[in-house]
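Take a look at the structure below.
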Amino acid sequence: MVKSFAPTTLAEALKLRKAHGLTLYTGGTDLMVEAKEDASYLFLHKIPELKEIKQDAQYIRFGAACTFSDLIDHPLTPKILKEACGQIAAPAIRNIGSIGGNIGNGSPKADSALIFMVTDSLVRLVCEDGERMLPLKEFYLGRKKLALRRDEIIAEVLIPRQNLDNYYYTKVGARNALAISRVAFAGILDVRDGVIRHCATAFGAVSDVILRPAEIDAMLTGKTLTQAKALRQDYLAAIDQVIVPIRGRVGVEYRKDVCLNLVRDFLDVNGI
Amino acid sequence: MSVFNLNGKEVNYAGSPAGRLLDVLRGEWQMTGTKCGCKEGECGACAVIIDGKLTNSCLVAMGSLEGANVTTIEGYRETQRFAALDKAFEAVSAVQCGFCIPGMVLAAECLLSANPHPTEDEIREGISGNICRCTGYGPIIKAIDMAAKEGDGLW
């Protein structure tokens, strides 16, 4: 029996989720490509608690049902995230596609998820019995595999408040609009008084999950730009090791070359 | 059962909540102004306006529409704004085969209602999800620009 529900409060949604499981539906931009006739949906786009954007002392918090257009229009959205959202598909998709769906679909090509990865964001997962916070990196278990329990809903994505001004973002697609990433790369370098306070990179559309080689990026943290320059070859060699593209529509060698070129450019523009 | 507003009239839908809005509009309600191009959100031919926002109707499940306001080209054509766009599209011969035009016109409406005086780049961005396989983008962009100028005050 096909049954769907469109609750207007989170409490109601969690109750329905626990009782019936259901397929979580916010924008429908991925789900409706398949448009399974026998799908039972739990529509989440009418729940105000999932549409909020706010900040506290530690985080900027985005409700999971926020659309890409919501993020582009909001003053709290960091520039790197606005830029990535602005390159997703086209207005009609950005108007309904949501960040919760982008993450929950589990694709390594998800463009907003790449930014949430490079910023070491957390997801807040809620169920009737409580809630838990998980680093997004731990939320992805594998291709299309998530650490989401059958009674849970992604409620929020939390970006730690940090200096994101000096960022590098490139999406490589076959065209400007309506393009699925062939490779996407995001890098953040926080340099103060000549010292790298924080370095972070993430690679989309390469592996089963978005790659976030934090242990390699740590090589550059705490270093002066001159010291970092001396480490450049070692750093690139380490990145080269972790970029192991899975087979896809776009060639493996091409994607690997593009990734490494983008990292080189990220270092070049920062004088490393 | 979902109840929503379609072109200013309340409608009741008792079919599957997983059904596509596009299929219901065309198949069940014979509103064929909304075109079906790709069924995966990549062409914009099926664009409608839902709660003021341009949306591809192929990607909308019927069950998500409870309480929504939906405008298709059939409803929009009754407006003064449509008349301004219609006149401009005609003036510059922006319509070739015509298949993409209902979506283009609704994309233009959403663009102009948010930004009544768009630059050429902003027009291109506004219709970036609408594909014209006659490749007649130049005249379409010109027509939207002309409608914005000659219909000044409508948006």
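Looking at segment A:104-143 only, could you name the residues that are modelled with pLDDT under 95 and in a strand (DSSP E or B)?
Within segment A:104-143, A:142 is the sole residue that qualifies.
So how many residues does segment A:180-224 have that are of a type in the set (Asp, Glu), over 17 Å from the mean Cα position of the chain (by Cα) and open to solvent by 40 Å² or more (accessible area, probe 1.4 Å)? Explain how you work it out, then say what you get.
Restricting attention to segment A:180-224, the residues satisfying the condition of being of a type in the set (Asp, Glu) are A:190, A:193, A:208, A:215, A:217.
Now restrict to residues that are over 17 Å from the mean Cα position of the chain (by Cα): A:190, A:193, A:215, A:217.
Checking which are open to solvent by 40 Å² or more (accessible area, probe 1.4 Å) leaves us with A:193, A:215.
Qualifying residue count, segment A:180-224: 2.
Okay, residues lined up against (1) of a type outside the set (A, V, I, L, M, F, W, C); (2) open to solvent by less than 50 Å² (accessible area, probe 1.4 Å):
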position: A:231; (1), (2): no, yes
position: A:239; (1), (2): no, yes
position: A:242; (1), (2): no, no
position: A:247; (1), (2): yes, no
position: A:252; (1), (2): no, yes
position: A:267; (1), (2): no, yes
position: A:270; (1), (2): yes, yes
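Any residue in segment A:179-190 that is acidic (Asp, Glu), touching a strand residue (DSSP E or B) at 6+ places or on another chain (Cβ under 8 Å) and touching a residue at least 60 places away in the same chain (Cβ under 8 Å)? Working first, answer last.
First, the residues of segment A:179-190 that are acidic (Asp, Glu): A:190.
Still in the running and touching a strand residue (DSSP E or B) at 6+ places or on another chain (Cβ under 8 Å): A:190.
Next, from what is left, pick out any that are touching a residue at least 60 places away in the same chain (Cβ under 8 Å): none.
No: zero hits.
Hey, could you check segment B:131-147 for residues that are open to solvent by less than 10 Å² (accessible area, probe 1.4 Å) and within 14 Å of chain A (Cβ to nearest Cβ) and say which is farthest from residue B:43 (Cα to Cα)? Break it down into steps so the answer makes sense when it comes.
Of the residues in segment B:131-147, the ones open to solvent by less than 10 Å² (accessible area, probe 1.4 Å) are B:132, B:136, B:140, B:143-144, B:147.
Next, only the ones that are within 14 Å of chain A (Cβ to nearest Cβ) stay: B:132, B:144.
Values: B:132: 8, B:144: 19 Å.
Out of the qualifying residues, it is B:144.
Is one or more of the residues making up segment A:35-53 within 11 Å of chain B (Cβ to nearest Cβ), part of a loop (DSSP other than H, G, I, E, B) and in contact (Cβ under 8 Å) with a residue 60 or more places away in the chain? Working first, answer last.
We begin by selecting, within segment A:35-53, every residue within 11 Å of chain B (Cβ to nearest Cβ); these are A:35-46.
From what is left, the residues that are part of a loop (DSSP other than H, G, I, E, B) are A:35-40, A:44-46.
Narrowing further to those that are in contact (Cβ under 8 Å) with a residue 60 or more places away in the chain: A:44.
Yes, there is a match, as at least one residue in segment A:35-53 is within 11 Å of chain B (Cβ to nearest Cβ), part of a loop (DSSP other than H, G, I, E, B) and in contact (Cβ under 8 Å) with a residue 60 or more places away in the chain.
Among the listed residues B:119, B:135, identify the single one that is modelled with pLDDT under 95 and farther than 27 Å from residue B:14 by Cα. Before you say what the answer is, go through the steps one by one.
On the way: B:119 fails: modelled with pLDDT under 95.
Answer to the selection: B:135.
Filter segment A:31-54 for residues that are out of contact with any strand residue (DSSP E or B) (no Cβ under 9 Å at 6 or more places or on another chain), open to solvent by less than 80 Å² (accessible area, probe 1.4 Å) and within 18 Å of residue B:37 (Cα to Cα) and give the result. Walk me through how you get there before you give the answer.
Let us first name the residues in segment A:31-54 that are out of contact with any strand residue (DSSP E or B) (no Cβ under 9 Å at 6 or more places or on another chain), namely A:33-34, A:37-38, A:46.
Right, trim to open to solvent by less than 80 Å² (accessible area, probe 1.4 Å) and you get A:33, A:46.
The one that is out of contact with any strand residue (DSSP E or B) (no Cβ under 9 Å at 6 or more places or on another chain), open to solvent by less than 80 Å² (accessible area, probe 1.4 Å) and within 18 Å of residue B:37 (Cα to Cα): A:33.
Which of the residues belonging to segment A:81-107 are free of Cβ contacts under 8 Å to residues at least 12 places away in the same chain and within 13 Å of chain B (Cβ to nearest Cβ)?
Correct list: A:92 only.
Looking only at segment A:18-30, filter to residues that are outside any loop (DSSP other than H, G, I, E, B) and open to solvent by 10 Å² or more (accessible area, probe 1.4 Å); which one of those is nearest to the other protein chains (Cβ to nearest Cβ)? It would help to see each step written out before you state the result.
So the first thing to find is which residues in segment A:18-30 are outside any loop (DSSP other than H, G, I, E, B), and the list is A:18-20, A:23-25.
If we keep only those that are open to solvent by 10 Å² or more (accessible area, probe 1.4 Å) too, we end up with A:18-20, A:23-24.
Numbers: A:18: 20, A:19: 17, A:20: 13, A:23: 9, A:24: 12 Å.
Taking the candidates together, the pick is A:23.
Which one is nearest to the chain's Cα centre (by Cα) among residues in segment B:109-127 that are closer than 16 Å to residue B:154 by Cα and away from every other protein chain (no Cβ under 11 Å)? Break it down stepwise before answering.
If we filter segment B:109-127 for residues that are closer than 16 Å to residue B:154 by Cα, which is where we start, we get B:109-118.
With the extra rule that they be away from every other protein chain (no Cβ under 11 Å), the set shrinks to B:109, B:112-113, B:115-118.
Details: B:109: 8, B:112: 12, B:113: 13, B:115: 16, B:116: 17, B:117: 19, B:118: 18 Å.
The extreme case among them is B:109.
What about residue B:67, is it assigned to a loop (DSSP other than H, G, I, E, B), without any contact (Cβ under 8 Å) to a residue 12 or more places away in the chain and not charged (D, E, K, R)?
Values: assigned to a loop (DSSP other than H, G, I, E, B): yes; without any contact (Cβ under 8 Å) to a residue 12 or more places away in the chain: no; not charged (D, E, K, R): yes.
Judged against the criteria, residue B:67 is not a match.
For every residue, the table says whether it meets (1) facing chain A (nearest Cβ under 9 Å); (2) surrounded by 19 or more Cβ atoms within 10 Å (Cβ to Cβ).
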site: B:1; (1), (2): no, no
site: B:7; (1), (2): no, no
site: B:10; (1), (2): no, no
site: B:14; (1), (2): no, no
site: B:22; (1), (2): no, yes
site: B:28; (1), (2): no, no
site: B:35; (1), (2): no, yes
site: B:49; (1), (2): no, yes
site: B:53; (1), (2): yes, no
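Would you please name the residue that is nearest to the other protein chains (Cβ to nearest Cβ), looking only at residues in segment A:156-179 that are more than 30 Å from residue A:132 (Cα to Cα) and open to solvent by 60 Å² or more (accessible area, probe 1.4 Å)?
A:176
If you take the residues in segment B:110-127 that are of a type in the set (S, T, N, Q) and within 19 Å of residue B:52 (Cβ to Cβ), which one is least open to solvent (accessible area, probe 1.4 Å)? Step through it out loud before you land on a result.
Keep residues of segment B:110-127 that are of a type in the set (S, T, N, Q), which gives B:113, B:115, B:119.
Subsequent filtering for residues that are within 19 Å of residue B:52 (Cβ to Cβ) retains B:113, B:115.
Values: B:113: 60, B:115: 40 Å².
Selected residue: B:115.
Given A:152, A:138, which one is open to solvent by less than 40 Å² (accessible area, probe 1.4 Å) and either in contact (Cβ under 8 Å) with a residue 24 or more places away in the chain or closer than 30 Å to residue A:252 by Cα (or both)? Please lay out each step first, then the result.
On the way: A:138 fails: open to solvent by less than 40 Å² (accessible area, probe 1.4 Å).
Exactly one of A:152, A:138 is open to solvent by less than 40 Å² (accessible area, probe 1.4 Å) and either in contact (Cβ under 8 Å) with a residue 24 or more places away in the chain or closer than 30 Å to residue A:252 by Cα (or both), namely A:152.
Results for (1) in a helix (DSSP H, G or I); (2) surrounded by fewer than 18 Cβ atoms within 10 Å (Cβ to Cβ); (3) more than 8 Å from chain A (Cβ to nearest Cβ), shown as yes or no for each residue.
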site	(1), (2), (3)
B:89	yes, no, yes
B:97	no, yes, yes
B:107	yes, no, no
B:129	no, no, no
B:149	yes, yes, yes
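Between A:152, A:128, A:138, which is charged (D, E, K, R) and in contact with a strand residue (DSSP E or B) (Cβ under 8 Å, 6 or more places away or on another chain)? Quick ask: steps written out before the conclusion?
Details: A:128 fails: in contact with a strand residue (DSSP E or B) (Cβ under 8 Å, 6 or more places away or on another chain); A:138 fails: in contact with a strand residue (DSSP E or B) (Cβ under 8 Å, 6 or more places away or on another chain).
Of A:152, A:128, A:138, the one residue that is charged (D, E, K, R) and in contact with a strand residue (DSSP E or B) (Cβ under 8 Å, 6 or more places away or on another chain) is A:152.
For segment B:87-118, how many residues meet the condition of being acidic (Asp, Glu) and touching a residue at least 12 places away in the same chain (Cβ under 8 Å)? Show your work before the answer.
Initially, segment B:87-118 is screened for residues acidic (Asp, Glu), giving B:90, B:109.
Still in the list and also touching a residue at least 12 places away in the same chain (Cβ under 8 Å): B:109.
Number satisfying all stated conditions: 1.
The values are calculated or read from the model by the stated rules, or taken from the named source; none is laboratory data. This is a predicted model, so every value here is computed, not measured. As a convention, Cβ positions derive from the backbone with ideal geometry for all residues, glycine included, and neighbour counts pool all protein chains shown. Accessible surface areas use protein heavy atoms only, side chains included; no ligands, DNA or RNA. Shrake-Rupley method; radii C 1.70, N 1.55, O 1.52, S 1.80 Å.
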